[in-house]
1. With an 8 Å Cα cut-off and a minimum separation of 6 or more residues, compute the relative contact order for the chain in percent.
2. In whole percent, what relative contact order does the range 123-197 give with Cα contacts below 8 Å and a gap of six or more residues?
3. Rounded, prolate or oblate: which fits the range 1-60 when a ≥ b ≥ c are the square roots of the eigenvalues of the alpha-carbon gyration tensor, with rounded for a/c under 1.5 and prolate only if a/b beats b/c?
4. In vacuo Debye scattering of the range 9-155, one point per C-alpha: log10 I(q)/I(0) at q = 0.20 Å⁻¹?
5. What FRET efficiency comes out for residue 94 versus residue 58 if R0 is 51 angstrom and r is the Cβ-Cβ distance? Round to the nearest 0.05.
6. Build a GNM of the chain with springs between Cα atoms under 10 Å: which of 107, 204, 50 gets the top mean-square fluctuation?
7. Would you compute, from DSSP H runs of 4+ residues alone, the mean residue ellipticity of the chain at 222 nm, taking -39500 (n - 2.57) per run and dividing by the full residue count, rounded to the nearest 500?
8. Compute the Cα gyration tensor for the range 95-192, then decide on rounded, prolate or oblate, letting a ≥ b ≥ c be the square roots of its eigenvalues: rounded whenever a/c is under 1.5, prolate when a/b is larger than b/c in the other cases, and oblate in all that remain.
């Protein structure tokens, strides 16, 4: 009974999302506002940051008034693809396989060809306290989720084409993301190619991609970079949690 209820809820939710073309809003999509973009404030970093926080934190949804349209988000499509792949692993049905493949096809169509590999971006301009990333800027967070979906698809369908694309994500990480820290024992990757921030959860996502791909290919360079990314992030986590017993893991083994 419980299993059938979960399956029904999954099917109904996925059906609703499909009807809406898997499009929606993001907490940080305020700069997609046609109203804001029509003002001179669009050129001010402080105004962009303030507007983003106002829309994000408002108890009322301001997006309709601000003319912010629902759109597909590459990270969202990657998460839908991961859910569809999980459903396929559970059911092994042809319908579940087609759903997963359709979402993977859509995800791949959203990729950005970079000078060294491939990446994904957010569908909106994003202003942080430290830097501005215009819409379409390759970003490690959606890229990492896309890579995870491709890796799981390669495993589920036993198809190298998906894994080949995930290898190109590693090329992007290794060759295009600035390393804000790089020593013999530690690496910290930046959030995008246009900033030099130290965001340890984003750097860990880069490490995850390299570890997963490196484990499948026995790629020593990817495994080494992943291993060096983890210790610095673990130190930051220890500072935040007070933990002193964490041991940085080695490269993941598939």
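FYI, it's all coordinate maths here, none of it is from the lab. Note that this is a predicted model, so its numbers are computed, not measured. Quick reminder, even Gly has a Cβ in these numbers, built from the backbone with ideal geometry, and neighbours come from all protein chains shown.
1. Computed value for the chain: 13 percent relative contact order.
2. 26 percent
3. prolate
4. -1.18
5. The pair residue 94/residue 58 has a calculated efficiency of 0.70.
6. 50
7. Calculated at 222 nm, the ellipticity per residue is -19000 deg cm²/dmol.
8. It is oblate, given that a/c is not under 1.5 and a/b is not larger than b/c.
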